[in-house]
1. What's the extension gain from A:SER312 to A:LYS203 if we count 0.36 nm per residue and subtract their Cα-Cα distance?
2. At 7 Å along the Cα-to-beta-carbon direction for both A:ALA123 and A:SER99, put a label point, then send me their distance in nm to one decimal.
3. Could you list A:TYR98, A:TYR77 so that the one with the fewest beta carbons within 10 Å of its beta carbon is first and the one with the most is last?
4. Please report, to two decimal places, log10 I(q)/I(0) for segment A:51-92 at q = 0.15 Å⁻¹ as given by the Debye formula with identical point scatterers on the Cα atoms and no solvent.
5. Quick one: helix A:141-156 against the long Cα principal axis of chain A, what's the angle to the nearest 10°, folded into 0 to 90?
6. Got a sec to turn the phi values of segment A:316-329 into Karplus ³J(HN,Hα) couplings, 6.51 cos²θ - 1.76 cosθ + 1.60 with θ = phi - 60°, whole Hz, x for Gly and Pro?
7. Label-point separation (nm) for A:ARG265 and A:THR108, each offset 7 Å from Cα along Cα-to-Cβ?
8. Rounding to the nearest 20 debye, state how big the charge dipole of chain A is about its Cα centre with +1 on each Lys and Arg Cβ and -1 on each Asp and Glu Cβ.
Amino acid sequence: MYALVDGNNFYVSCERIFRPSLNGRPVVVLSNNDGCAIARSNEAKALGIKMGAPWFQIQHLADEAGLVALSANFALYGDISDRMMSLAAGLGHRQEIYSIDESFVELTGIRGDLAERSHKIRARILQWVGIPTCIGIGPTKTLAKLANHVAKTAERKPGVYPDHYAQVCHLGALSPQELNAVLAATEVGEVWGVGRRIAQQLKDGGIHNALDLTRVDLATIKRRFSVVLERTVRELQGTPCMALEDEPATKQQIAYTRSFGQSVRRLDELQEAVTEFACRASEKLRRQGSHTGQVLVFVRTSPFRAKDPQYSCSAVFPLPIPTSDSTTITEAALAVLDGIYQAGFNYAKAGVMLLDLVPAERHQYTLDLDLSQALEQGWGTALGRRAPVSQHVQALARERLMGALDKVNGRYGRGTVMLASAGLAGPARSWTMRQERMTPRYTTCWEDLAPVRA
DNA sequence: TCTGGGGTCCTAGGACCC
DNA sequence: TCTGGGGTCCTAGGACCC
């Protein structure tokens, strides 16, 4: 049996902890660049604001309906998430942190009334951290997800499901008739793993709700769609196909991409941005203990500016020796940028992606063969050659330099030490993000600590 | 004027190999 | 006239997730 613990309207709830005056009001949290709504309070949803709605299209609601918009404050959300996760873990023995606001908890071996236990954990998270959550329980992860959807919907929209499923819903405790009623009341597109495209195709085929989906022919689903959807159907039928993954998997690629605060035309500005992005991606790479073998850079104009000439291009720089060194990665990224940059466009976005990741401890040395030597003296001699000792010493020194860089930036703040080609902070960096409604980093920064009045 | 970021997995098709 | 069978690897694109 699995539980899924999910923070309600998570980013908005984080903001409300430190600003209780936002309770009861329509609130949205905006994406980077204050571009569009990525989290909405129930009141904002009631105003008809859709997920991903561009801010400039809903801005009028600020005056008309008291809508409050805030810039995304990921330092705050990450810290609140850690606190919520540690309490949610108390529900069972093993936990998989699935996203910033969701975790699966395995309930195998837990005795007693699971729903009652969940209500207690829920109350604790609300009181100790300040985040309202919903908990769904089911025999598979897909059913736990569905139960969570039921718990949330029963709380927010009365009438769809029985009221007592609100906040905590335990599908494993239902009779077959009750379970079928829940599945029948759930649109097929709400099932985890069924997106917009597949939902439409299923509906065209007469499969409208989750109950319909449990009754399809597995072989047909596999043939017409994929093994992925087949797995979803099995899970919906109660057969576990997805295990709990409590060890976070090492990433296979690492990206740092951003839209610019305003469009950028000049190469030197793009060079600044790409330097910064390459360094940030390299930091992430070192944090997970990997080296990269390929650096990809892309630039593109905005598809929303239909009148602008459009351009989008990317290219890869293969590194002869995998590395996590910021300067090497940046040099590679800038070389790619030189190759793909075209003058005369309004660039809206760029990114650096690190591919072909390998564990840092797996060293790879260049073969450095001298072919003529090999032919004259045999392969053994040629392979026996070693790169000069100085090269290894240099590599070691670089590693320590990067370690020191990360430590300094970790302690004194990001950007304390950086590569000069990233440009100096200030108005000169025209490409930096717009964040005009940012709240303080209440829990992760001394200067931003909330004052308490007597 | 103004539209996010970061991932994963699967599949089909082509290149290539024996 | 008539041209096999089986396999791997890589890439691009599509679908999904939050």
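1. My answer for the length gained is 35.7 nm.
2. Here the answer is 2.9 nm between the modelled labels.
3. Arranged by neighbour count, lowest to highest, A:TYR98, A:TYR77 become A:TYR98, A:TYR77.
4. Taken in order of the listed q values, log10 I(q)/I(0) reads -0.60.
5. The two axes meet at around 60 degrees.
6. 10, 10, x, 8, x, 10, x, 8, 10, 6, 4, 6, 4, 5
7. Spacing of the two 7 Å Cα→Cβ label points: 6.3 nm.
8. 540
Here, each number is a calculation from the coordinates, and none is a lab measurement. Here the structure is a predicted model, which means the values were calculated and not measured. FYI the Cβ positions are ideal-geometry reconstructions off the backbone, even for glycines, and counts take in every protein chain you see.
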